[in-house]
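Here's the structure we're looking at; comments come further down.
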Amino acid sequence: MSAARKVAIVTGASSGLGREFALQIDRGEALDELWVIARRKERLSELRALCKTPVRPLPMDLVAEGSLDALSELLERERPSVRLLVCAAGFGKIGSYADVRREEAARMIELNCRAAVETTLRVLPYMERGARILEISSTSAFQPFQQLSVYAASKAFLLRYSRALRWELFPRGVHVTAVCPYWIKDTEFIPEAQRTKAPGAVRSFPFASRAETVARRALRDSAHNFAVSTPGPVCTLHRLIAKVIPGGLLQLGWEGLRRI
């Protein structure tokens, strides 16, 4: 009987951090195939020319009806050994409760929370000892953030889920890392945020990281089996501060910082 093909799966792989994870996994992992998931098929297809590992584009919207069923059917049919799963699909909107439309808030919860959990649960049966899961959370998970309330709450959910799942998977030897980066300048999040006309919206993103650095450090931390990866000095400092300063005081500090 032939051995199962070794694959990595990256969601949100058409741009930004997800795309960078796909590129770095291609360079650093010995795999038979790289499965990349996002809505934009043409962006996924571009990765074929950039990767030495065979790339399988899987164009799908993870919150659309039937998309995750299609992923499950593919996994059941091919029965690969999934060595890496990176749940990088997600999005955020900046603004108060009155600025973010109800549909946008619902989609944030659906994509950032439910889709990440469902994708993880559907892939887990095909992961063996030594496999790794990276759930892409955010430094916003460490405290409440006004003007980012739904986004930050969705990332706090993902952080807590990752840490609990990590314990549950210890007997199987599958490692889970929650990745909590600070602002990333070369993704679609900041340009989208800067287009908003909402009063009081964040306009300045000092010390923002780059996707290449975040992905490289996150993969390194995952390889060392870290429970939480803070791939940069700002998010590392924030994580430490949030352990000792009450959330209300941190919110007061954020109120000043976001007006800069």
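The values are calculated or read from the model by the stated rules, or taken from the named source; none is laboratory data. Because the structure is predicted, anything quoted here is derived from the model rather than measured. Here Cβ is always computed from backbone atoms with ideal geometry, including for glycine, and neighbour counts include all displayed protein chains. Just the protein is used for accessible areas: all its heavy atoms, side chains included, with ligands, DNA and RNA removed. Shrake-Rupley method; radii C 1.70, N 1.55, O 1.52, S 1.80 Å.
Quick notes on this one:
- For the chain, pairs of C-alpha atoms spaced more than 26 angstrom apart make up 38 percent of the total.
- 29 Å Cα-Cα threshold exceeded, pairs from 52/185; 6/243; 52/93; 155/185: 6/243; 52/93
- From most to least packed by mean Cβ count within 10 Å, the peptides 245-256, 89-100 give 89-100, 245-256.
- Counted charge near residue 129, where neighbours are those whose Cβ lies closer than 12 Å (Asp, Glu -1; Lys, Arg +1): +2
- Surface share of carbon and sulfur [accessible, 1.4 angstrom probe, percent] for the chain: 56 percent
- In the chain, helices alone account for a calculated mean residue ellipticity at 222 nm of -13500 deg cm²/dmol, with every DSSP H run of four or more residues adding -39,500 (n - 2.57).
- The order of the peptides 81-88, 154-161, 53-60 by mean Cβ neighbours within 10 Å, most packed first, is 81-88, 154-161, 53-60.
- Applied to the range 207-216, the Karplus parametrisation 6.51 cos²θ - 1.76 cosθ + 1.60 on θ = phi - 60° returns per-residue 3J(HN,Hα) values of 6, 4, 8, 10, 4, 4, 5, 4, 5, 4 Hz, with x for Gly and Pro.
- Projected label points at residue 225 and residue 149, each 7 Å from Cα along the beta carbon direction, are separated by 4.1 nanometres.
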